[in-house]
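Written below as structure tokens is the structure these notes are about.
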Amino acid sequence: MAKKLIAVIDIGSLTARLKIFEINAKGYPKTVETVRKFTLIGAKSVSGIIPGEQVRELCTCLDSFRDKLREYKVDRVICVATSAFRDAGNKDVVLEQIRARTGFKIEILDNSMECYYQNLAVRESYPDFEKMICEGTMLLDIGSGSMQATVYDKSEFVFSQNMVLGSLRISGMLSTLQNRTSHYGDVLEEFIAQDLNDYHAVEPKGITYKHLIAFSGEMSFIRMLAGYDPFEECNLTRDEFFKVYDYLLKTRPSDLTLNNKIPAHVAPLLLPVTMIIKDMLDYTGLDHVYLPHASLSDGIIYNYCHVNFGMKLVILPSQDLISGARNLAKRYRCDKKHIEFVENAALEIFDCCQKIAGLEKRDRLLLQLAAILHEIGKFVKAKDHNEAAFSLIEFTDLIGLTNDELNTIAYIVRLYPQDSPYDNYYYRSLPPKKKVTVSKLTSILRIADSLDASHTEKIRNMSVTLHPDRLHISCEAKADMSFEEWAFEHRCDLFEDVMGVKARLRVRRQV
């Protein structure tokens, strides 16, 4: 493959960043140039609305980026925006204005995808990440508008939770208090602690943390205050970190700007960032914190190279998603053996009929996740557990899924126990294309679940074959299969309706 130039434009709450990468013959990226401009969109938004003045300023910034792209003759540009746009009530109008004025089409990242790209950047930039997550490891992604805590243990993704606890949000909400109290630091710490206590209440228990990784847009200034190169990763000891923390606690933001040359709009954000890290250091009892030099743009280009050029990643994205779903099912006390059977059966049926169904590789992953999570609602209520599961999935952070993909999984789980989805009010509200995908994946899950309707794993040696007029499932069983055969007969109508072939089950009794 000839070398290519790919650019990523990341529009955040405070800055817009252009990063140009050269992709080598093996599909791996190398940074060529980085340009950053302060735009302060998040800081100047009023009541969740991006004002016209900020839109014009951003357009001017993007025009200057375009000149740089022309200079390098970039092959492809990826332009994304994060929480400042995501939370804006007028985001659709602003996106269209920017497209009309500059030609740039901006994609607003879901919180899950933003976190995925940030975590991916850290994983790929840190050579010992695989070794590190053999033990309890917490990743803190401290953004301007929110914070995401992600937990790994025993080489597996365990849990992730988003909190409305970003540095800019904290600073803005409490800025009026700074001149009203001489104990601003204490008030700030109380405010942060209440949200972190809510997080600690829901995080997995029994994990012994050995590593803490913290990253944010302001981290380069914290590295600088600690005496390290602001553009290189570092591992701060507890003493080194607390020297920075104590300095920020005693120093006014204006003095940080005057004495340390920290931009005026960044200086008030450093104390909230370090307070969040301090709380997590105290909670985990660790004596060090790792501050990587990795950006959202890096994660986006790593993912792009993985998808388009075959770049090998430290951890496959699907691996984290499957691990996270299994830990979620465990948390809600699902029947592990039943879940494993339904998951394997659903994937075997999918692989057999993927071509005739017109389904894609990504659909297979969505079906697998739905199979793992299809009974989590029973933790809440036995009756209508599928409705409870829908709500639980909708409010779950599965890092690496878009909101639409998560919603697709939730609908599959909601609809699979029902005789027909067509009469369901929520199903009828779906877009046509999504209706088709949800129907096909639901029909597969219905059959897979029926094969273990009694939750006793009677089936052995199952095989699935596709014939022109039918899907043939054969298996062996020692125990009586009357209940499963009855369940299968009552749940295969949807499959025939959406796939165009009948499903047949043949059971051979083992002696």
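The values are calculated or read from the model by the stated rules, or taken from the named source; none is laboratory data. Nothing here was measured: the structure is a model prediction, and the numbers come from that model. Ideal geometry is used to build each Cβ from the backbone, glycine not excepted, and the neighbour counts take in all protein chains shown.
Of the set (1) among the hydrophobic types (A, V, I, L, M, F, W, C); (2) at pLDDT 90 or above; (3) over 17 Å from Val289 (Cα atoms), all apply to Met138 but (3).
If I ask for residues that are over 13 Å from Phe215 (Cβ atoms), surrounded by 18 or more Cβ atoms within 10 Å (Cβ to Cβ) and touching a Leu at 6+ places or on another chain (Cβ under 9 Å), which ones from the stretch 108-123 would you list? Show your work before the answer.
Taking the stretch 108-123 first, the residues over 13 Å from Phe215 (Cβ atoms) are 108-113, 116.
Next, only the ones that are surrounded by 18 or more Cβ atoms within 10 Å (Cβ to Cβ) stay: 108-109, 111-113, 116.
Result: Ile108, Leu109, Ser112, Met113, Tyr116.
For (1) within 26 Å of the chain's Cα centre (by Cα); (2) in the same structural domain as Leu406 (by TED's automatic domain parsing); (3) not β-branched (Val, Ile, Thr), each residue gets a yes or a no:
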position: Thr34; (1), (2), (3): yes, no, no
position: Ser64; (1), (2), (3): no, no, yes
position: Asp67; (1), (2), (3): no, no, yes
position: Glu71; (1), (2), (3): no, no, yes
position: Gly89; (1), (2), (3): yes, no, yes
position: Asp92; (1), (2), (3): yes, no, yes
position: Ala100; (1), (2), (3): no, no, yes
position: Glu107; (1), (2), (3): yes, no, yes
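So that you can scan it fast, the table gives a plain yes or no per residue for (1) in contact with a Gly (Cβ under 9 Å, 6 or more places away or on another chain); (2) in contact (Cβ under 8 Å) with a residue 40 or more places away in the chain; (3) not hydroxyl-bearing (Ser, Thr, Tyr):
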site: Arg123; (1), (2), (3): yes, yes, yes
site: Met132; (1), (2), (3): no, yes, yes
site: Leu140; (1), (2), (3): no, yes, yes
site: Ser144; (1), (2), (3): yes, yes, no
site: Val151; (1), (2), (3): yes, yes, yes
site: Ser160; (1), (2), (3): yes, yes, no
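Inside the stretch 213-248, residues that are over 20 Å from Leu286 (Cβ atoms), under 29 Å from the mean Cα position of the chain (by Cα) and either buried (at least 18 other Cβ atoms within 10 Å of the Cβ) or small (Gly, Ala, Ser) (or both) make up a count of 4.
Looking across the stretch 398-423, just one residue is among the acidic types (Asp, Glu) and surrounded by 20 or more Cβ atoms within 10 Å (Cβ to Cβ), and that is Glu405. Sort out which residues of the stretch 389-402 are within 16 Å of Gln148 (Cα to Cα) and polar (S, T, N, Q), and write them in order of number. Listed by number, the residues that qualify are Thr396, Thr402. Do we have any residue at all in the stretch 480-503 that's of a type in the set (Val, Ile, Thr), assigned to a helix (DSSP H, G or I) and within 30 Å of Glu107 (Cβ to Cβ)? Within the stretch 480-503, not a single residue is of a type in the set (Val, Ile, Thr), assigned to a helix (DSSP H, G or I) and within 30 Å of Glu107 (Cβ to Cβ).
Considering (1) buried (at least 21 other Cβ atoms within 10 Å of the Cβ); (2) free of Cβ contacts under 8 Å to residues at least 12 places away in the same chain; (3) hydroxyl-bearing (Ser, Thr, Tyr), the lone condition that Ser297 does not fulfil carries the number (2).
Those helices (runs of 4 or more DSSP H) of the stretch 205-323 in which at least 1 residues are within 23 Å of Ser83 (Cβ to Cβ) and in contact with a Phe, Trp or Tyr (Cβ under 7 Å, 6 or more places away or on another chain), considering only elements entirely within it, cover 219-225, 267-284, 296-309. Candidates Gly136, Gly143: the one that is of a type in the set (Gly, Ala, Ser), closer than 16 Å to Lys205 by Cα and either surrounded by fewer than 24 Cβ atoms within 10 Å (Cβ to Cβ) or more than 13 Å from the chain's Cα centre (by Cα) (or both) is Gly136.
Might you check whether a residue that is of a type outside the set (Val, Ile, Thr), surrounded by 15 or more Cβ atoms within 10 Å (Cβ to Cβ) and farther than 30 Å from Arg506 by Cα occurs anywhere in the stretch 441-450? Looking through the stretch 441-450, none of the residues is of a type outside the set (Val, Ile, Thr), surrounded by 15 or more Cβ atoms within 10 Å (Cβ to Cβ) and farther than 30 Å from Arg506 by Cα.
Give me the helices (runs of 4 or more DSSP H) completely within the stretch 335-407, filtered to those with at least 1 residues that are without any contact (Cβ under 8 Å) to a residue 40 or more places away in the chain and β-branched (Val, Ile, Thr), ordered by residue number.
In the stretch 335-407, 336-357, 385-394 are the helices (runs of 4 or more DSSP H) which contain 1 or more residues that are without any contact (Cβ under 8 Å) to a residue 40 or more places away in the chain and β-branched (Val, Ile, Thr).
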